[in-house]
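Report on the following structure.
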Amino acid sequence: MDVSVQWVRTSWTKRSRGAPGAVRRNACPLAFPLPDAPQPFLHGVTMTEWEDFRPRFRSSGELPPTRWVTFGERDGLLVVGFPGVTGSRPRWRSLPLRRRQTLRLRTTWAESVSYYNPTRIYHHDTFNIAYGPVSAEVFLRPPSREVDLRPGRPASR
């Protein structure tokens, strides 16, 4: 499958919810140049409050876990599946991509560190997805399609 995925995760605690922490956090990029790697591959980028939002990179020949996004090819298209919410009910949605198209999928979520330590960690995940051969700068340009699953945002364009 000719797919490249860049998963950019920004993580923070309540210390970065207001200014000046939110200013630093919101300045984090949504995309980076891709490494030279054979497809399919996952380029992971993490930026955390506790590391001053410095990007850390890793690459893998595996795609993201199916908890977040799924991929399938049908009739010459890449079908990207992702969890969404319709009304109050969660359900999976899908979008087809033609070759050389890109998709940016954004979501936020929170988790507690543990039962005994109720510190909340907030995450902003951005999945940049490209179908077909790409250049290293593919995700630095505006995407062909965009889906924003963050609360209070228009869903897609």
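Annotations
- DSSP beta bridges in the chain [antiparallel fraction, %, rounded to 5]: 75 percent
- Site-free segments of the chain were taken between chymotrypsin sites (Phe, Trp or Tyr not before Pro) in DSSP loops having at most 14 other Cβ atoms within 10 Å, sites themselves excluded; the longest one is 1-114.
- Counting Lys and Arg as +1 and Asp and Glu as -1 over every other residue whose Cβ lies under 15 Å from the Cβ of Arg120, the net charge comes to +2.
- Extension reserve of the Asp75-Asp52 stretch, reckoned as 0.36 nm per residue once the Cα distance is removed: 3.8 nm
- In sequence order, calculated HN-Hα J values of segment 63-68 (Karplus, 6.51, -1.76, 1.60; Hz; x Gly/Pro): 7, x, x, 5, 5, 9
- Shown here is the pair-distance distribution of segment 22-157: with all Cα-Cα distances grouped in 5 Å bins from zero up to the longest one, the shares run 2, 8, 17, 21, 21, 16, 9, 4, 1, 0, 0 percent.
- Separation in nanometres of the label points that stand 7 Å from Cα toward Cβ, at Lys14 and Trp92: 3.6 nm
- Computed FRET value (nearest 0.05) for Ser144 with Trp109, which takes r as the C-beta separation and R₀ as 22 Å: 0.30
- Most mobile of Glu111, Glu62, Glu49 in a GNM of the chain (Cα contacts under 10 Å): Glu111
- Fluctuation leader among Ser135, Ser94, Ser144 - the chain, Gaussian network, Cα springs under 10 angstrom: Ser135
- 1.4 Å probe accessible area per residue over segment 1-60, in Å²: 53 Å²
- Rounded to the nearest Hz, the phi-derived 3J(HN,Hα) couplings of segment 69-79 under the Karplus curve 6.51 cos²θ - 1.76 cosθ + 1.60 (θ = phi - 60°) are 7, 10, 9, x, 10, 8, 6, x, 10, 9, 9, where x marks glycine and proline.
- In terms of overall dimensions, the C-alpha atoms belonging to segment 1-93 reach 49, 41, 17 Å along their principal axes, ordered largest to smallest.
- Between Arg25, Arg58, Arg99, the Gaussian network model of the chain with springs among Cα atoms under 10 angstrom shows the greatest mean-square fluctuation at Arg58.
- Computed from backbone phi with θ = phi - 60° and the Karplus coefficients 6.51, -1.76 and 1.60, the 3J(HN,Hα) list for segment 99-112 is 4, 6, 8, 10, 9, 10, 10, 10, 8, 10, 7, 9, 9, 8 Hz; x is used for glycine and proline.
The values are calculated or read from the model by the stated rules, or taken from the named source; none is laboratory data. Worth saying up front: this structure is predicted, and the values here are computed from it rather than measured. As a convention, Cβ positions derive from the backbone with ideal geometry for all residues, glycine included, and neighbour counts pool all protein chains shown. When the accessible area is computed, the model is the full protein with side chains, heavy atoms only, and any ligands, DNA or RNA have been set aside. Shrake-Rupley method; radii C 1.70, N 1.55, O 1.52, S 1.80 Å.
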